[in-house]
Amino acid sequence: MTLRTECALDAIREMAKVEGAHVGAGTVLNGDDLARAVDAGSQFIVSPGLTPEVAAAAQRHDVPLLPGVANAGDIMRGLDLGLSRFKFFPAMANGGLPALKALASVFGKVRFCPTGGISEANAPEWLAEPAVSCVGGSWLTAGAFDAATVEQRARAASKMSAGA
């Protein structure tokens, strides 16, 4: 659940009540956002960037962090903090799959979750890249105002994994 609306923390609280759900907060911009998200029930954190404050807050709260990176320096700072999983963001604006492949060739043990320009049409190509663990895209919920549509899209997306 991205922290882009007034009701995001309430939504996280409700989602956290669902047995077996893995609830995370995205668009976490600072340590205060992170603390509120964890208090609401977030089990992991996604941030558009990597800052010392967000990384320290994640360590204090003992919660997994998937920070956004766009270049080699970002990845190196994350590695220095003990991280090896990153959100490649914004993926298409930062050179798309060719840029990610170039970064992956240098940082062999790093895995990425590209977001930003990922669509239902291009997700399979991204997922075929060994350095990509998963993708994020707004097509799952774009324009959908009913649970059935979101469920249908999510089921289709779950079949996109590499090797499927």
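The values are calculated or read from the model by the stated rules, or taken from the named source; none is laboratory data. These figures come from a predicted structure and were not determined experimentally. Quick reminder, even Gly has a Cβ in these numbers, built from the backbone with ideal geometry, and neighbours come from all protein chains shown.
Computed values, structure above
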{"item": "Residue tally, condition among the acidic types (Asp, Glu), in a helix (DSSP H, G or I) and under 19 Å from Gly68 (Cβ atoms), over the range 111-158", "result": "0"}
{"item": "The range 43-90: number of residues that are under 26 Å from Glu125 (Cβ atoms), touching a helix residue (DSSP H, G or I) at 6+ places or on another chain (Cβ under 7 Å) and in a loop (DSSP other than H, G, I, E, B)", "result": "1"}
{"item": "Subset of the range 134-155 (residues that are touching a Leu at 6+ places or on another chain (Cβ under 9 Å) and modelled with pLDDT of 90 or more)", "result": "Cys134, Val135"}
{"item": "Tally of residues being part of a loop (DSSP other than H, G, I, E, B), surrounded by 10 or more Cβ atoms within 10 Å (Cβ to Cβ) and small (Gly, Ala, Ser) across the range 2-30", "result": "2"}
{"item": "Test for Pro48: is it buried (at least 22 other Cβ atoms within 10 Å of the Cβ) and not hydrophobic (A, V, I, L, M, F, W, C)", "result": "no"}
{"item": "Hey, Gly108 within 20 Å of Phe44 (Cβ to Cβ), assigned to a loop (DSSP other than H, G, I, E, B) and more than 12 Å from the chain's Cα centre (by Cα) or not", "result": "no"}
